[in-house]
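Working notes, beginning with the structure itself.
The values are calculated or read from the model by the stated rules, or taken from the named source; none is laboratory data. Computed from a predicted model, the values in this text were never measured in an experiment. Glycine also receives a Cβ, built like all others from the backbone with ideal geometry; neighbour counts cover every protein chain displayed. Protein only, heavy atoms only, side chains kept; ligands, DNA and RNA dropped before computing areas. Shrake-Rupley method; radii C 1.70, N 1.55, O 1.52, S 1.80 Å.
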Amino acid sequence: MKVGVIGLGYVGLPLAVAFAEAAADVVGVDVDADAVEALARGESTIEDIPSERLTPLVGERLAVSTDPSALAECDAIVICVPTPLAHQREPDLSYVDAAGRTVAGVLRAGQLVVLESTTYPGTTRERLAPILEESGLVAGQDFHLAFSPERIDPGRTDFTVRTTPKVVGGLTEGCSDAAADLYGLICDNVVAVSSPEVAELSKLLENIFRSVNIALVNELAILADRMGIDVWEVIEAAATKPFGFMRFDPGPGMGGHCLPIDPFYLAFKAREYDFPTEFIELAGRVNQAQPHFCVDRAVRALNDVGKPAKGSRVLLLGVSYKAGIGDMRESPALKIGAMLESLGAKVTYHDPHVPEVSELGLESIGLEEGLAECDLAVIVTAHDEIDPETVVAQAQRVLDLRGVTRGIDADHVVRL
Ligand SMILES: NC(=O)c1ccc[n+]([C@@H]2O[C@H](COP(=O)([O-])OP(=O)(O)OC[C@H]3O[C@@H](n4cnc5c(N)ncnc54)[C@H](O)[C@@H]3O)[C@@H](O)[C@H]2O)c1
């Protein structure tokens, strides 16, 4: 089996590695020449794939290139390119279009093409298929076409590519069967659904479910603060219910490539059907406002000890959008840092995964040094390397946006 992967980022690289480790010959193609050069040297570009795992594969089972011509020899080609939002927050499918044109240039009869990029229902059939058919071949007849959503969760180790069930939806039954055979090489459980649209919408449902529940608990955190109730204690009490409740925690807001973006793909498509997706818009509004509430809490935490935000030294602890990784995409720490700076605070940060944040013009400083020098330490992202006990012991004042200091009894700590 020869597999081509287009787009070697957070999704494409782990997939290419998984196929290569499953004894497929893999061709990885990316337009980013620097990334391809690094990968060709065996240097991984993402944290989830250590270079030691990559090195033995490169040049053996895994070939990486900016040149897509070797895709012509592949039995299957998987597209893993970005699907961001454009300036007006409408879907930007230009990367999918470009990858589609790349595939159309090499496509031959009998190949399987799979789109993995998260997108609205109808993209595979209405948008990608016509581009691929510019090759003169017909989707579902001359070549197989399917959608299979990626479920990768950067930094997660308890579920892997192999143990996370994989949904596939083909244009025809034959397309679904071909996609199920492909993913059967690397996944223990492949779930075939009846169409690409079902597979596309199932991915959006998963992300919207998280976005809405995070918004709900973020809103509850603001109300609990006003009522003087500890929201973490409330959540822990509710989570003792063994059925009908799933725990979500409040935080500084949503980040990453998925939750702040993907739901709006569906909101956009829904407008074509004259349908307002109220839950999506509301959850987006609440989650986007959360960094403002966090800044308000920081200002109050300083005010409580007679300090104005202006001139105070605020240390952000953890700036990536989630614990354990260095991904800064859409990270709420960017908003929080910028807002504190605009109030005149002197912002610094410590993050073992993020050496510098160009948006804020800052470099990570040492934890001990930062704690010793700040008026307020704000735990934004709870990396394992940042010990809450140390933070509480060494900082003058602490604002905990992640609930990790619960159980530590100290008057100078305030929580979301
Ligand atoms: N990161 C995640 O956790 C995650 C999880 C599930 C789904 N997804 C979805 O998967 C898709 C890819 O996301 P990602 O996080 O891997 O993005 P990414 O930015 O990490 O990687 C995308 C790669 O595609 C390359 N690329 C762009 N256009 C190309 C082209 N025409 N030809 C070849 N290469 C091209 C880029 O250079 C980049 O290396 C998105 O639709 C995203 O929503 C991401």
Seminar exercise, completed: Across (1) more than 16 Å from the ligand (Cβ to nearest atom); (2) closer than 27 Å to P84 by Cα; (3) not aromatic (F, W, Y); (4) not in a loop (DSSP other than H, G, I, E, B), P276 clears everything bar (4)
For this session: Could you check, for segment 123-146, whether at least one of its residues is in a loop (DSSP other than H, G, I, E, B), near the ligand (Cβ under 10 Å from one of its atoms), open to solvent by 20 Å² or more (accessible area, probe 1.4 Å) and of a type outside the set (K, R)?
Result: no
For this session: Output the qualifying pairs, or none if there are none: Cβ atoms under 7 angstrom, residues six or more apart or on different chains, first residue in segment 278-293 and at negative phi, second residue surrounded by 15 or more Cβ atoms within 10 Å (Cβ to Cβ) and among the basic types (K, R).
Result: P291/K335
Exercise. Take the residues of segment 211-245 that are among the aromatic types (F, W, Y) and not in a helix (DSSP H, G or I): which is surrounded by the most Cβ atoms within 10 Å (Cβ to Cβ)?
Worked result: F245
Seminar exercise, completed: From the option list V31, V27, V5, V103, single residue qualifying as away from the ligand (no atom under 11 Å from the Cβ) and either among the charged types (D, E, K, R) or touching a residue at least 12 places away in the same chain (Cβ under 8 Å) (or both) is V27
Problem set entry | Test set (1) crowded, with 21+ Cβ neighbours inside 10 Å; (2) under 19 Å from L259 (Cα atoms) - S312 fails condition number | (2)
Problem set entry | Scan of segment 1-45 for residues that are open to solvent by less than 20 Å² (accessible area, probe 1.4 Å) and outside any helix (DSSP H, G or I), ordered by number | V3, G4, V5, I6, G7, L8, A24, V26, V27, G28, V29, G42
For this session: Taking the options G324, G370, G318, G361, name whichever one is small (G, A, S), more than 27 Å from N287 (Cβ to Cβ) and open to solvent by less than 80 Å² (accessible area, probe 1.4 Å).
Result: G370
Exercise. If L85 passes every condition in (1) touching a strand residue (DSSP E or B) at 6+ places or on another chain (Cβ under 7 Å); (2) within 14 Å of the ligand (Cβ to nearest atom); (3) more than 27 Å from G155 (Cβ to Cβ) but one, which one does it miss?
Worked result: (3)
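Got a sec? Which of I46, I6 is of a type in the set (A, V, I, L, M) and at pLDDT 95 or above?
Values: I46 fails: at pLDDT 95 or above.
Among I46, I6, only I6 is of a type in the set (A, V, I, L, M) and at pLDDT 95 or above.
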